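Every read-out reported here was derived from the displayed coordinates using simple, explicitly stated rules and does not represent laboratory data. Since this is a predicted model, take the numbers as computed values, not measurements. Methodologically, a virtual Cβ is constructed for each residue, glycine included, from the backbone with ideal geometry; neighbour enumeration extends over all protein chains shown.
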Amino acid sequence: MSSQDIPEENLPAEHSAGHNEHGAVTVADDKNPFADPGLPPHEHRVQDIDERAAKRSERVVAMLFTVSMLATVGFIASYVAIPHDKSIFVFPIGHINALNFALGLTLGLALFAIGAGAVHWARTLMSDEEIADERHPIEAPPEVKAKVMADFKQGAKESALGRRKLIRNTMFGALALFPLSGVMLLRDLGPLPGTKLRHTLWSKGKLLVNVNTNEPLRASDVAVGSLTFAKPEGLEETDENFQTEIAKAALMIVRLQPENIKDKQELDWSYQGIVAYSKICTHVGCPISLYEQQTHHVLCPCHQSTFDLSDGARVIFGPAGHALPQLRIGVNDQGYLEALGDFEEPVGPAFWERG
Amino acid sequence: MAALVVLLLALACTGGLYAVFAPASKAQADETAQSLAIDEGKKLFSVGCASCHGTGGQGTSDGPSLVGVGSAAVDFQVGTGRMPAQQPGAQVPKKKVIYTQAEIDQLAAYVSSLGAGPSVPTKAEYGPDGADIAKGGELFRTNCAQCHNFVGKGGALTHGKFAPDLSGVAPKHIYEAMQTGPQNMPSFPDTTMTQQNKKDIIAYLNAVNGDNTESPGGLELGGLGPVSEGLFAWIFGLGALIAVAVWVAARTAKAKKS
């Protein structure tokens, strides 16, 4: 605290005059139409006037810093004392890990108390006297400018760039070629997918394998109102390309009453009401299987596209542009469901070349 | 003479014992109990259910046919309080259970007598013994998580329908729901999802969303993962910090309040 803040000398009534930095600094005239009002008169805080209030603030700040110290000690103590697998019930959070809770609480309190103490200190006890500080000119003085120009000319002359043309030209060549390596790496964005987006692993005669049991599905296994997910026969989760392939071939299988199917092609491509649709949304490719068995609607959780599985999976709501592709299925002579070919159209979201 | 008396006594005893332990009479007793349950169930049905489901459970314009839904469906719908429904709407929510378990069993006996369907599972089928929690998690994420969320906290469907939160749902009722597909939920019959699969799923749910499941960090915000948690921290955490900063700066420290 500076001597200016001694309460007796600074009572508001006494000091209002006599401080030049407060009040108008310039007045308006022909050259400068705007008067500079200067700083408003300085107002004192309770702590500047009343030493007891200042002492109180000091104690509050010290108390906050002490709380922080205690919280840090508490952090170390909880780290040592609380077993890492102990669980406690804290309302309203629920059953949580006791160690996490204690560490978070003490660490948060320790940091908060430091911050709160610093803010309270700065606001009530540190000097809040307004000070005007003029900006220095941005332009360098003429002698500095002359020195820099002279240094630059000297350097250019000593590098002999103008005289040794071989060095200069090869340097330009090296600098011009170097960015090409960055351009070359753009090749890794390719190659173009070719026909990969148009074909999946499904082909004629491939069995539909239940992903729950990893066994081929029989037509009699699939009940009306049930929902089953299938992958093509031969594709195993341990395969290197499993993710790439299942991302296109994932299938959801539901069974409707054949008389509830409104779309003729859907009925033709189904087997006794069992329909197999791509599980990949045609909007941006989210897995879509929020199937409502009474309405036969399938909802995409990402953007709420809704498809009607009883009407060729046509879009009835949302941003999807295409119906879900249907896989043509039948049964083989042992009663297992099998694909009768690949999807007729690309699965998943549209792309430029899809047309 | 004594030998004759002993013989007669022995015969009488054997006959008596046979009469007591004979399998036929036991079956008969069971059958009687069963038909009694069906009769009682029919009475309950006529009072509480027939107005929507028809006097013979054949269904009306207000409620579906119950022929062939099985006792598991009745135990689920009535046992979770969904039935009797309070009012028509997008979805019948679970509420306070109206009937006692004995009455529910009688109703179930009556409805399953209308046509064969899935029966109420036994404790051995849904109990935790021999369940693989990790496999259950895999199965849950494949078959259930799209609607019920990764740890079964539930989610929204179309037109006011929703997949309910699965916390606090009895294992028996979860099993029955998978088996029968109540309301708009598709069914997962034993032919496509085996009994062992169902048991694994129930064990997984109990591990991640049971009554005593620990949530190490607390306040998991519906188990939706880091995106919702991060968004919460950005909006509410940073919002609170900004509000505190504004509050600190807005309060004057001057002695003379303006």
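Using the structure shown, select from A:Lys196/A:Lys248; A:Lys204/A:Lys248; A:Lys248/B:Lys135; A:Lys248/B:Lys198 the pairs with a Cα to Cα distance greater than 19 angstrom.
In this structure, A:Lys248/B:Lys135; A:Lys248/B:Lys198 exceed 19 Å between Cα atoms.
Under a 10 Å cutoff between Cα atoms, tell me which one of B:Thr80, B:Thr158, B:Thr180 has the largest fluctuation in the Gaussian network model of chain B.
Most flexible of the set in this elastic network: B:Thr158.
Would you work out the relative contact order for chain A, in percent, from Cα pairs under 8 angstrom that are 6 or more residues apart?
The value is 11 percent.
Starting from the Cα of B:Leu241, move 7 Å in the Cα-to-Cβ direction to define the label point; list residues of the range B:213-233 whose amide nitrogen is under 20 Å from there.
Under 20 Å, as judged by backbone N against the label point of B:Leu241, lie B:226-233 of the range B:213-233.
Extension gain A:Trp352-A:Asp36, at 0.36 nm per residue separation less the Cα-Cα distance, in nm?
Roughly 107.3 nm would be gained on extension.
So for A:Asp50, B:Asp211, fewest C-beta neighbours within 10 Å to most, what's the order? Write out the running numbers ahead of the final one.
Numbers: A:Asp50 14, B:Asp211 8.
Taking fewest neighbouring Cβ atoms as first place, the list is B:Asp211, A:Asp50.
What nm value, rounded to one decimal, do you get for the distance between B:Gln34 and B:Ala12 when each label is placed 7 Å out toward the C-beta?
Result: 3.6 nm between the two label points.
Name the residues whose placed amide hydrogens come within less than 5 Å of the amide hydrogen of A:Leu251, ignoring near sequence neighbours (fewer than 5 apart) on the same chain.
Residues meeting the criterion, in which the H sits 1.01 Å from N, are A:Ala230, A:Lys279.
Give me P(r) over chain A, computed from all C-alpha to C-alpha distances, binned every 20 Å, as integer percentages.
17, 20, 23, 28, 12, 0
If you put +1 on each Lys and Arg Cβ and -1 on each Asp and Glu Cβ, how big is the dipole of chain B around its Cα centre, in Debye rounded to 20?
Computed about the Cα centre, the dipole is about 1400 debye.
Using θ = phi - 60° and the Karplus relation 6.51 cos²θ - 1.76 cosθ + 1.60, list the HN-Hα couplings for the range B:229-244 in order, rounded to whole Hz, with x at every Gly or Pro.
Result, rounded to whole Hz: 5, x, 4, 4, 5, 5, 6, 8, x, 5, x, 5, 4, 5, 4, 5.
Between B:Gln87 and B:Asn212, what's the calculated FRET efficiency when r is the beta-carbon distance and R0 is 35 Å? Round to 0.05.
0.50
Using a 7 Å offset from the Cα along the Cα-to-Cβ direction at both B:Ser167 and B:Thr60, what is the distance between the two label points in nm, to one decimal?
Reported label-point gap for B:Ser167 and B:Thr60 is 4.0 nm.
Pick from A:Leu217, A:Leu175, A:Leu103 the residue whose mean-square fluctuation is largest in a GNM of chain A, springs joining Cα atoms under 10 Å.
A:Leu103
Given the C-alpha centroids of the range B:216-247 and the range A:215-285, what is the distance between them in whole angstrom?
40
What does the structure give for A:82-93 when I average, per residue, the other chain Cβ atoms found within 10 Å of the residue Cβ?
Taking the mean over all residues of the peptide, I get 2.
Sorting A:Lys279, B:Lys95 on the 10 Å Cβ count, fewest up front, what's the list?
Going from least to most buried by this count: B:Lys95, A:Lys279.
Provide the gained length on full extension for the span A:Leu235 to A:Ala247, in nm with one decimal, where the gain is 0.36 nm per separating residue minus the Cα-Cα distance.
Value of the extension gain: 3.1 nm.
Apply the Karplus parameterisation 6.51 cos²θ - 1.76 cosθ + 1.60, with θ equal to phi minus 60°, to every residue of the range B:38-53 and state each ³J(HN,Hα) to the nearest whole Hz, in sequence, with x for glycine and proline.
Listing the rounded values in order: 5, 4, 4, x, 4, 5, 4, 4, 4, 7, x, 10, 5, 4, 9, 8 Hz.
Could you work out how far helix A:98-124 tilts from the main Cα principal axis of chain A, as a 0 to 90 degree angle to the nearest 10?
Compared with the principal axis, the helix lies near 30 degrees.
Fewest first, what order do A:Ser270, B:Ser61, A:Ser87 take by the number of other Cβ atoms within 10 Å?
Ordered by Cβ neighbours within 10 Å, fewest first: B:Ser61, A:Ser87, A:Ser270.
Taking amide hydrogens as modeled 1.01 Å from N in the peptide plane, which residues meet the under 5 Å criterion relative to A:Ser87, leaving out close sequence neighbours?
Correct list: A:Ala98.
Farthest toward the dipole's positive end in chain B, which of B:Ala243, B:His53, B:Val151, given Cβ charges of +1 (Lys, Arg) and -1 (Asp, Glu) about the Cα centre?
Going by the charge dipole, the pick is B:Ala243.
If amide hydrogens are placed 1.01 Å from N in the peptide plane, which non-local residues have theirs closer than 5 Å to the one on A:Ile316?
A:Thr306, A:Phe307, A:Asp308
With +1 assigned to the C-beta of every Lys and Arg and -1 to the C-beta of every Asp and Glu, and no other charges, what is the dipole magnitude of the protein assembly as shown about the Cα centre in debye, to the nearest 20?
My answer is approximately 820 debye.
Name the residue from B:Ser215, B:Phe162, B:Ile202 whose Cα lies farthest towards the positive end of the charge dipole of the range B:152-225, charges +1 on Cβ of Lys and Arg and -1 on Cβ of Asp and Glu.
About the Cα centre, the residue reaching furthest to the positive side is B:Phe162.
Helix B:101-114 against the longest principal axis of chain B: what's the angle in degrees, Cα atoms only, rounded to the nearest 10?
70
Could you tell me the center-to-center distance, by alpha carbons, between the range A:84-163 and the range B:72-127 in angstrom?
65
Between A:Ile138 and B:Ala233, what's the calculated FRET efficiency when r is the beta-carbon distance and R0 is 35 Å? Round to 0.05.
0.25
How large is the dipole of the range A:219-355 about the Cα centre if only Lys and Arg carry +1 and Asp and Glu carry -1, each at its Cβ, rounded to the nearest 20 debye?
Values: 9 positive and 20 negative charges, 104 e Å.
In total the dipole reaches around 500 debye.
On C-alpha positions alone, give me the angle between the axis of helix B:195-209 and the longest principal axis of chain B, in degrees, nearest 10.
Relative to chain B, helix B:195-209 is tipped by roughly 40 degrees.
Mind listing the phi-derived Karplus ³J(HN,Hα) values for the range A:232-246, rounded to whole Hz, using 6.51, -1.76 and 1.60 with θ = phi - 60°, and x for any glycine or proline?
My calculation for the range A:232-246 gives x, 3, x, 8, 10, 4, 7, 5, 4, 9, 4, 4, 4, 7, 5 Hz in order.
If I take R0 = 56 Å and measure r between the Cβ atoms of B:Gln195 and A:Ile76 in this structure, what FRET efficiency does the formula 1/(1 + (r/R0)^6) give, to the nearest 0.05?
According to the calculation, E is roughly 0.60.
Express in nm, to one decimal, how much length is gained between A:Glu43 and A:Leu267 on full extension, taking 0.36 nm for each residue of separation and deducting their alpha carbon distance.
Net length gain for the segment: 72.0 nm.
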